[in-house]
Amino acid sequence: MHAVAFALPLLPGRTDADRAALASCWVGERKEAHRDARRRAGITREAVWIQATPGGDLAVVYLEADDLDQAFAALGSSPDPFDRWFRDHVREVHGIALDEGLPAPEQVLDFDVDQT
């Protein structure tokens, strides 16, 4: 299992829209469609936090998948209606086009007490 975490800036005034949309995926009317989309993409875990900063709000995203490249490719290219909605949502609240790809974050620390 591979994991990645990254932060995406929220456009000014779009935090509540992001919060509401993600709530609809977690516990609301999009829950089943979201679960199906993540299964199709091979994503086994997804968590998102909203972090307020002096420079604006960020969405902090954590994903787990056996094949992260395949998962991101699926998120960016799936013709499924939920996936198209999700890409539109990301563009509206983050200004990012998932269908154009997302640069991988640079990992600069990986501490594990069980690793020597």
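The values are calculated or read from the model by the stated rules, or taken from the named source; none is laboratory data. Please read these numbers as outputs of a predicted model, since none were measured by experiment. Counting neighbours? That spans all protein chains shown, and the Cβs are built from the backbone with ideal geometry, glycine included. Surface accessibility is based on the protein's heavy atoms, side chains included, excluding ligands, DNA and RNA. Shrake-Rupley method; radii C 1.70, N 1.55, O 1.52, S 1.80 Å.
For residues that are in contact with a strand residue (DSSP E or B) (Cβ under 7 Å, 6 or more places away or on another chain), surrounded by 12 or more Cβ atoms within 10 Å (Cβ to Cβ) and not small (Gly, Ala, Ser), tally how many sit in the range 51-88.
Total meeting the criteria: 8.
Pull up the range 89-98, narrow it to residues that are part of a helix (DSSP H, G or I) and under 13 Å from the mean Cα position of the chain (by Cα), then point me to the one that is surrounded by the most Cβ atoms within 10 Å (Cβ to Cβ).
93
Does the range 24-39 hold any residues that are open to solvent by 100 Å² or more (accessible area, probe 1.4 Å), within 14 Å of residue 85 (Cβ to Cβ) and in a helix (DSSP H, G or I), and which are they?
32
Would you confirm, using the coordinates I've provided, whether residue 8 is touching a strand residue (DSSP E or B) at 6+ places or on another chain (Cβ under 6 Å) and within 27 Å of residue 110 (Cα to Cα)?
It is true that residue 8 is touching a strand residue (DSSP E or B) at 6+ places or on another chain (Cβ under 6 Å) and within 27 Å of residue 110 (Cα to Cα).
List pairs: first in the range 89-116 and on the phi > 0 side of the Ramachandran plot, second open to solvent by 60 Å² or more (accessible area, probe 1.4 Å) and at pLDDT 95 or above, Cβ under 8 Å, 6+ apart or cross-chain?
Sorted first by the residue in the range 89-116, then by its partner, the pairs are 95/9; 95/11; 101/72.
Considering the range 8-23 alone, what residues qualify as being in contact (Cβ under 8 Å) with a residue 40 or more places away in the chain and open to solvent by 60 Å² or more (accessible area, probe 1.4 Å)?
9, 11, 12, 14, listed by residue number.
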